[in-house]
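The values are calculated or read from the model by the stated rules, or taken from the named source; none is laboratory data. Because the structure is a prediction, the values reported are computed rather than measured. Using ideal geometry, Cβ is built from the backbone for each residue, glycine included, and neighbour counts are taken over all protein chains shown.
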2 protein chains.
Amino acid sequence: MKAGPSPITSNSVAKAAGVSQSTVSLVMSGKSAGRVSDSTRDHVMAVADRLGYRPNATARMLRTGVLNILALAVPNVKQPFFGEIFVAAEKAARQADHAVVLIDTQNDPKWVERIIDMVRGRMIAGSIVYASDSEDEPRLAEIADQVLVIEGQNSGSPVDINVESGIDAVVEHLAGLGHSGIGYLSAAYPKVTFKRRFDYFRKKLRDLGLEFRNGWHSRATFEIEASTSGAQKLVRQPAITAIVCDDDLLAAGVYRAARQAGRAIPDDLSVVGFNDIEFARVLSPELTTLAIPTERIAQEAVHKLLEKLEDPARVSSSYEAELTLKIRSSTARPGE
Amino acid sequence: MKAGPSPITSNSVAKAAGVSQSTVSLVMSGKSAGRVSDSTRDHVMAVADRLGYRPNATARMLRTGVLNILALAVPNVKQPFFGEIFVAAEKAARQADHAVVLIDTQNDPKWVERIIDMVRGRMIAGSIVYASDSEDEPRLAEIADQVLVIEGQNSGSPVDINVESGIDAVVEHLAGLGHSGIGYLSAAYPKVTFKRRFDYFRKKLRDLGLEFRNGWHSRATFEIEASTSGAQKLVRQPAITAIVCDDDLLAAGVYRAARQAGRAIPDDLSVVGFNDIEFARVLSPELTTLAIPTERIAQEAVHKLLEKLEDPARVSSSYEAELTLKIRSSTARPGE
DNA sequence: TTGCTGTGTTGGATCGATCAAGTCAATCGT
DNA sequence: ACGATTGACTTGATCGATCCAACACAGCAA
């Protein structure tokens, strides 16, 4: 029988204050307006405070059925971009009096099952999923009302990102500088997000009449070795004069590979990133990249999810994030 | 009255299976050995499975008093090092059937109060705190039995890091190369950890008879601008031929400042980092840094915390992590 | 006095699981 | 053959808060 840290219940407070347990509950839940006299309320509050009483969240949840924990699933927490997503989401959740359980889907192959279990087992109210795998979504359908997917397969999400116009800007920028051999380095995650970006990128090239050869696309995980080897394949091809990366971190791999191959950035090779994490400005030369309104996205996701949980039917207005191309020093006219 | 996603309770399973609710509980909790016949157990399991039943975690927690959620508080999730700590901790927790609520203490000024509330309110079983502030620990004392602090003030933690021998290695390495003007760039967080490292660093210099002038210490947050301006102060001083950084990311700021100041690494300036995050190898030149057994630390922390929660009295053997100096290309003999 | 309204407070059922104690048949020992 | 033991389940209390229905009681009108 381990001694709990504080065996103080509404009951003990009631006894100490000389009122009924119901009254304590009334006072603590803030529903005392017009139901409890000011004097008793103050008295109960004082006693509760003195004893250091906190209502048992577990008991409350059981009774009310209202959970105040959310999950957030991201492909890789170690990527600063997802760290930023988490920080902003946690803040928004906290302001709505919710806690956030973070799930790294790379690290946890059975993440979908875990989320389903947690929802069904009433451990969490619902979950935000950033970037889902094509295999994930059908399984998530089971708890569709408790989940909000960002950058997933289905385009009907209340929080969407206008990747297309962003990629337009990138490609037009490079084409405008005179590049015609543009390579693409994407993350190795099996997320539809990354495929969608790449597909649109190729379409855009086609629209502008630019060629895209076999071997101009390479994949890389964020483990450095793999990342640079993916980058090396691209850097070694002289026909490629610019490389677009799925993520700023991958750009770091390109910088490294370029240095080893003796190609100077931006004179011999232009590089564009994605996400505009802080790190983009510490690279040298500073990275031209596509900025994404991280904080706003996370905020909106939390709010829309909470709305959805309250009433799955209500399809509140959705939010579409716009990307902004930040032109810095890693892009220039092709040399030679 | 919002329709719950699955109103399937042990009761409904019991009805469907034609047994009592207790029997369902017995079966589901795995305590059926010798108490329930194999045939009924299989039958109940089958029915439960068919209905998609998951025991209500909230109700179970209320009854048993055993929570299976932990918190992990770190100074800054966006730093890959803490991302790695989280990933490893979450994995260890998951294997012990626990979920992890991540708390970014920079982003949440009232984090101590939140953790205390969560513990007292029985939302989480306990918490791991990585790097506490000197003001935090007295307040954490209130729930000392539910908290495990890593790199905090008090040295009695079951998980400790032998920072001293690591710093010895760094300073001896630099001194051995012939450096006598060694600057120090530390994180601006008000955590005792960082002060402790710096204090020991100075002591070590003294022991080796090396001077440490005013102005050779600078602080930086991880926001890039601030970081480089902190780094610039050091880089501009010709007397400084080597800089030791609290964290690998800060080293990136130094690289940048050095480039701007026209000092080449490692010829004009040696740089040493801390933590050996992946990123250390993508910098160019690759960063000499102090590696820390991140995964092991997180694992041990989770295990020790769970032990402690089971029996606060049992002071199980403690784990002391050793640091390893990874000598790469950012350090060399001082030039000129 | 009786009836009525409204404010302030309380009893008790309830959420869904766990667990100790109890029922009842079949089996065992001598 | 009869009480004792075992096996296989069920009954009912319990965790701590919420919340509805009930109640006490004051003030007030008739």
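Would it be correct to say that A:Ala226 is among the hydrophobic types (A, V, I, L, M, F, W, C) and surrounded by 20 or more Cβ atoms within 10 Å (Cβ to Cβ)? Against the criterion (among the hydrophobic types (A, V, I, L, M, F, W, C) and surrounded by 20 or more Cβ atoms within 10 Å (Cβ to Cβ)), A:Ala226 does not qualify. You will find that of A:Glu151, A:Glu137, the residue that is at negative phi and either out of contact with any strand residue (DSSP E or B) (no Cβ under 7 Å at 6 or more places or on another chain) or in contact (Cβ under 8 Å) with a residue 12 or more places away in the chain (or both) is A:Glu137 and no other.
Looking only at segment B:283-295, residues that are small (Gly, Ala, Ser) and within 11 Å of chain A (Cβ to nearest Cβ) come to 1 in all. You will find that of B:Ala17, B:Ala73, B:Ala89, B:Ala33, the residue that is more than 29 Å from B:Val119 (Cα to Cα), crowded, with 20+ Cβ neighbours inside 10 Å and of a type in the set (Gly, Ala, Ser) is B:Ala17 and no other.
Scanning segment B:108-132 for residues that are outside any helix (DSSP H, G or I) and under 25 Å from B:Glu295 (Cβ atoms) returns B:Ile124, B:Ala125, B:Gly126, B:Ser127, B:Ile128, B:Val129, B:Tyr130, B:Ala131, B:Ser132. The lone criterion from (1) among the charged types (D, E, K, R); (2) surrounded by 24 or more Cβ atoms within 10 Å (Cβ to Cβ); (3) free of Cβ contacts under 8 Å to residues at least 40 places away in the same chain left unmet by A:Asp247 is number (3).
Restricted to segment B:120-146, and to residues there that are under 23 Å from B:Ala57 (Cα atoms) and not polar (S, T, N, Q), the residue that is surrounded by the fewest Cβ atoms within 10 Å (Cβ to Cβ) is B:Gly121. Screening the candidates A:Thr23, A:Thr64, A:Thr58 for the property of being buried (at least 18 other Cβ atoms within 10 Å of the Cβ), free of Cβ contacts under 8 Å to residues at least 24 places away in the same chain and over 24 Å from B:Gly126 (Cβ atoms) yields one hit, A:Thr23. With respect to (1) assigned to a helix (DSSP H, G or I); (2) within 16 Å of DNA strand C (Cβ to nearest atom); (3) of a type outside the set (Val, Ile, Thr), the lone exception for A:Glu90 is condition (2).
Please work out if A:Val27 is within 12 Å of DNA strand D (Cβ to nearest atom) and more than 43 Å from the chain's Cα centre (by Cα). So A:Val27 does not fit the description; no. Could you check, for segment A:67-83, whether at least one of its residues is of a type in the set (Val, Ile, Thr) and out of contact with any helix residue (DSSP H, G or I) (no Cβ under 8 Å at 6 or more places or on another chain)? Yes, there is a match, as at least one residue in segment A:67-83 is of a type in the set (Val, Ile, Thr) and out of contact with any helix residue (DSSP H, G or I) (no Cβ under 8 Å at 6 or more places or on another chain).
Among the residues making up segment A:20-53, a single one is away from DNA strand C (no atom under 12 Å from the Cβ), away from chain B (no Cβ under 14 Å) and outside any helix (DSSP H, G or I): A:Gly30. Residue pairs whose Cβ atoms lie under 8 Å apart, sitting 6 or more positions apart in sequence or on different chains, and linking a residue in segment B:211-222 that is within 14 Å of chain A (Cβ to nearest Cβ) and in contact (Cβ under 8 Å) with a residue 40 or more places away in the chain to a partner that is surrounded by 17 or more Cβ atoms within 10 Å (Cβ to Cβ) and not in a strand (DSSP E or B), are B:Phe222/A:Glu278; B:Phe222/B:Asn76; B:Phe222/B:Lys78; B:Phe222/B:Gln79; B:Phe222/B:Asp247; B:Phe222/B:Leu249; B:Phe222/B:Leu250. Summed over segment A:262-275, residues that are surrounded by 17 or more Cβ atoms within 10 Å (Cβ to Cβ), part of a loop (DSSP other than H, G, I, E, B) and either among the hydrophobic types (A, V, I, L, M, F, W, C) or touching a helix residue (DSSP H, G or I) at 6+ places or on another chain (Cβ under 7 Å) (or both) total 3. Within segment B:244-261, the set of residues being within 10 Å of another protein chain (Cβ to nearest Cβ) and either assigned to a loop (DSSP other than H, G, I, E, B) or of a type in the set (Phe, Trp, Tyr) (or both) comprises B:Tyr255 only. Annotation: of all residues in segment B:172-196 being in a helix (DSSP H, G or I) and modelled with pLDDT under 95, the one that is surrounded by the fewest Cβ atoms within 10 Å (Cβ to Cβ) is B:Lys195. So, in segment A:296-328, of the ones that are under 21 Å from A:Ala169 (Cβ atoms) and among the acidic types (Asp, Glu), which residue ends up farthest from the other protein chains (Cβ to nearest Cβ)? Going through the qualifying residues, I end up with A:Glu320. Taking segment A:115-164 as the range and being of a type in the set (Asp, Glu) and away from every other protein chain (no Cβ under 14 Å) as the test, the residues that pass are A:Asp133, A:Glu135, A:Asp136, A:Glu137, A:Glu151, A:Asp160, A:Glu164. Only a single criterion out of (1) of a type in the set (Gly, Ala, Ser); (2) assigned to a loop (DSSP other than H, G, I, E, B); (3) within 12 Å of chain B (Cβ to nearest Cβ) is not satisfied by A:Ala280, namely (2). Screening segment A:223-240 for residues that are part of a helix (DSSP H, G or I) and in contact with a strand residue (DSSP E or B) (Cβ under 7 Å, 6 or more places away or on another chain) and picking the one that is nearest to the other protein chains (Cβ to nearest Cβ) gives A:Ser227.
The residues of segment A:54-103 that are more than 7 Å from chain B (Cβ to nearest Cβ), over 24 Å from B:Lys78 (Cα atoms) and of a type in the set (A, V, I, L, M), listed by number, are A:Val66, A:Leu67.
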